[in-house]
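To start, the structure under review is shown below, and the notes come after it.
Computed from the coordinates by the stated procedures, all read-outs in this text should not be read as laboratory data. This structure is a prediction, so every number in the text was calculated from the model and none was measured. Cβ placement follows ideal geometry from the backbone for every residue including glycine, while neighbour counts extend to all protein chains displayed.
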Amino acid sequence: MNTKRWLAIGLAVVVFFSSLVISAIGNVLTKDVEKTSLWESLMSDAMSENILREGLTDKRIVVIEVTGIMVQGTQSYFTSPSYDHQKILSDLDRIIEDTSIKALVIKVDTPGGGVYESAELRDKIKEMKELRDIPIYVVMESMATSGGYYISADADKIFASKESITGSIGVIMSGLNLSGLMEKYGVEDTTVKSGDLKDVGSATRPATEEDIKVLQDLVDDMYERFVDVVADGRNMDRSLVYKLADGRIYDGEQALKVGLIDAIGYYDQAMLDLESTYELENAQIFSYSSSEFPFLNEFMTEMTMLVRSRNMGSIGDINISGINSKQGFMYIYGGY
């Protein structure tokens, strides 16, 4: 390939990426039309708040999103939008300290996640509720199953669309037995252990009856705690919860009929209900940014979306960190 052709290819690449950058900046600035200057857009809000609707600053509604599989991890500029456990916990701490916040809306779109993460987040939500005594509304989007329902159960009101999928109340621990495959290919397990149960759940040997009993006892205990959460949060008799909590999923209409949600509606309907019920019609609505530099955060998000829309793929398509995201004890929909 001659020099001119290489130069042409290089120029085409530069033009392509320049168009992406210009488009991304344009999209971000379009969202920030209420900002007074580009500099303000770039450096605004050291506390990283995104204003969703202008209103009274002493009566504010904050929106938090719980999206993706609920396991420990952080969001990168070069990966798909993911669940950021520590950020959500931090956001809830900020709500505790900010007395201008008069209500919380949690948008949930998750199949669930780790037992630990689900319990920790639910406990933090309850702590915030006890310390601030503000209304909490949950809006279930496409999916709010298992751990997603676990963190929603204590809300003052739960909205879901007819098409939302929820339920899957229960615990699962996925496992594989690869010993036959290992034997076929001559792979030998040489594990040395101090006791028979030291490698309980190992994929390199068949599970014994004792293994299964140990794991089942743990799953049963976690299940009972899940039932407690639903019974307490929904003010529902445990006998009824048991009937609903066989792991099955429900659409929005089914969930409404059995008492797992309170109303059919999307985010806009939930917000209108919240505002009218608690006299917050003129409240400012905002969310916390995932970056200390909101412009940069929005810019990188727009870049990622533009790249994907032009069929270039993404580093985020290879989610190495998510390979083990469904291992261990999980409050997660097993069909996800």
Within segment 156-167, is there a residue that is among the small types (Gly, Ala, Ser) and within 26 Å of Asp217 (Cα to Cα)?
-> yes
Scanning segment 96-122 for residues that are out of contact with any Lys or Arg (no Cβ under 7 Å at 6 or more places or on another chain) and of a type in the set (S, T, N, Q) gives Thr99, Thr110, Ser118
When residues of segment 111-157 are filtered for being over 23 Å from Lys87 (Cβ atoms) and surrounded by 21 or more Cβ atoms within 10 Å (Cβ to Cβ), how many remain?
-> 0
From the list Asp84, Asp154, Asp98, Asp196, which one is in contact (Cβ under 8 Å) with a residue 60 or more places away in the chain, of a type in the set (Asp, Glu) and farther than 29 Å from Met236 by Cα?
-> Asp84
Working carefully through the options Ser174, Ser194, find the one that is exposed (fewer than 13 other Cβ atoms within 10 Å of the Cβ) and under 24 Å from the mean Cα position of the chain (by Cα).
-> Ser174
